[in-house]
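The values are calculated or read from the model by the stated rules, or taken from the named source; none is laboratory data. Just so you know, these numbers come straight off a predicted model, no measurement behind them. No Cβ is skipped: glycine too gets one built from the backbone with ideal geometry, and neighbour counts run over all protein chains shown.
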Amino acid sequence: MPELPEVETVVRGLIPDLVGARCGKPWVDWEKVLDGMSLSDFAGLVENQTIQRLHRRGKYICIHLSKGFLVVHLRMTGRLYLSDQRQGDDPWVHFSLALDNGRFLAFSDARKFGRVQWVTDLDFLEAKLGPEPLELGPADFVPLLQGSSRAIKVFLLDQKRIAGVGNIYADEALFLARINPTRPVDSLSDPERQRLGKAVVKVLSAAIDYEGASIQWYRKPDGNQGESQKHFQVYGRTNNPCLVCGSPVTRNVLGQRGTHFCGKCQC
DNA sequence: CGTGGGACCTGAACGC
DNA sequence: TGCGTTCAGGTCCCAC
């Protein structure tokens, strides 16, 4: 589920409760959530470590410990929040970590795609992620959105090109920039690349202000829904009238992902 | 190099 | 009510 704005919202929400806390015992009901590490190994590396800071990189949540890092990816249905109980009444909690403040960091994930991994450093993230879109200016997108014949929608989802854009905000940015998602990347003009870059930044920034999109699973760490879904222009609006021209929003499949756009506004 | 399919998993929505 | 199908904010891996 979560893309850059949702992950950013989760990180911001967790910082006040997590920074400075000392880790206690971890717990899992499904060891695969640790991405191949055994619970006992994980416990040995994490227990008594103090959480120094948190930050987001792409769609990854990075929790800095005194030694090493916890890296969490929410994938489609992951949630990360503070709880008073190890598992509480949430049947989808597969990992939790006791903290010295008496609370628990709980990772809930209905589909079990998400992972909580311990790593010594974050180099592996840099190796597979492109730049952070919110740190770029419009001109930076000109060289970035080049060098491929793939459809621009598919290209935007490639985390190695740009980190953090997912299916919702790719569709929304392409609509805002009035660019058809099927256009080959190398067919875009430089002004179009800039326009799309601006649109990506605008769409992601707005979604952070709305604290993410709650369609089904995503929740803020405080348990409440985000508001971003109320502002979608095309995502999930198949056959509804385009908010600009009134013609029906099209849905097709690109790169095996549902893709929403206005065939009249986006050329 | 790019694409297409499948795998990983489960829940919700919808059609009959 | 029950069953089958389809779809879902992501990523990785393999064959062609």
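Could you list all residues from region A:201-214 that are more than 14 Å from the chain's Cα centre (by Cα) and either surrounded by 18 or more Cβ atoms within 10 Å (Cβ to Cβ) or within 16 Å of DNA strand B (Cβ to nearest atom) (or both)?
Initially, region A:201-214 is screened for residues more than 14 Å from the chain's Cα centre (by Cα), giving A:201-202, A:206, A:209-210.
Of everything in region A:201-214, just one residue is more than 14 Å from the chain's Cα centre (by Cα) and either surrounded by 18 or more Cβ atoms within 10 Å (Cβ to Cβ) or within 16 Å of DNA strand B (Cβ to nearest atom) (or both), namely A:201.
For region A:244-258, name all the residues that are more than 14 Å from DNA strand B (Cβ to nearest atom), in contact (Cβ under 8 Å) with a residue 12 or more places away in the chain and not in a loop (DSSP other than H, G, I, E, B). I'd like the intermediate steps shown before the answer.
Going through region A:244-258, the residues more than 14 Å from DNA strand B (Cβ to nearest atom) turn out to be A:244-251.
Subset that is in contact (Cβ under 8 Å) with a residue 12 or more places away in the chain: A:244-245, A:247, A:249-251.
Across region A:244-258, the qualifying residues are A:250, A:251.
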(request) Enumerate the pairs (first residue in region A:92-111 and more than 17 Å from residue A:42 (Cα to Cα) and of a type in the set (A, V, I, L, M, F, W, C); second residue anywhere and away from DNA strand B (no atom under 16 Å from the Cβ) and assigned to a strand (DSSP E or B)) with beta-carbon separation below 7 Å, excluding pairs fewer than 6 apart on the same chain, so at least 6 apart or on different chains. (result) A:93/A:106
(message) Just to be sure I understand, how many residues within region A:3-48 are part of a helix (DSSP H, G or I) and of a type in the set (Lys, Arg)?
(response) 2
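For region A:147-163: of the residues being within 14 Å of DNA strand C (Cβ to nearest atom) and of a type in the set (A, V, I, L, M), which is surrounded by the most Cβ atoms within 10 Å (Cβ to Cβ)? Steps first, answer last, please.
Keep residues of region A:147-163 that are within 14 Å of DNA strand C (Cβ to nearest atom), which gives A:150, A:153-163.
Those left that are additionally of a type in the set (A, V, I, L, M): A:154, A:156-157, A:162-163.
Values: A:154: 18, A:156: 26, A:157: 19, A:162: 24, A:163: 23.
For region A:147-163, the residue satisfying everything is A:156.
Scan region A:176-200 for residues that are of a type outside the set (A, V, I, L, M), more than 20 Å from the chain's Cα centre (by Cα) and buried (at least 22 other Cβ atoms within 10 Å of the Cβ) and jot them down. Talk me through it step by step, then tell me what you get.
Of region A:176-200, the ones of a type outside the set (A, V, I, L, M) are A:178, A:180-184, A:186-187, A:189-195, A:197-198.
The next check asks that each one be more than 20 Å from the chain's Cα centre (by Cα); those that pass are A:178, A:180-184, A:186-187, A:189-195.
Within region A:176-200, A:181, A:193 meet the criteria.
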(message) Please verify whether residue A:15 is modelled with pLDDT of 95 or more and surrounded by fewer than 20 Cβ atoms within 10 Å (Cβ to Cβ), treating the condition exactly as stated.
(response) yes
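Test of understanding: among A:50, A:9, which residue is among the polar types (S, T, N, Q), within 12 Å of DNA strand C (Cβ to nearest atom) and either within 18 Å of residue A:164 (Cα to Cα) or in contact (Cβ under 8 Å) with a residue 24 or more places away in the chain (or both)?
On inspection, the qualifying residue turns out to be A:9.
Could you list all residues from region A:164-204 that are small (Gly, Ala, Ser) and either within 16 Å of DNA strand C (Cβ to nearest atom) or touching a strand residue (DSSP E or B) at 6+ places or on another chain (Cβ under 6 Å) (or both)?
So the first thing to find is which residues in region A:164-204 are small (Gly, Ala, Ser), and the list is A:164, A:166, A:170, A:173, A:177, A:187, A:189, A:197, A:199.
Passing the criteria: A:164, A:166, A:170, A:173.
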(message) Can you confirm whether residue A:113 is of a type outside the set (S, T, N, Q), surrounded by fewer than 15 Cβ atoms within 10 Å (Cβ to Cβ) and closer than 19 Å to residue A:7 by Cβ?
(response) yes
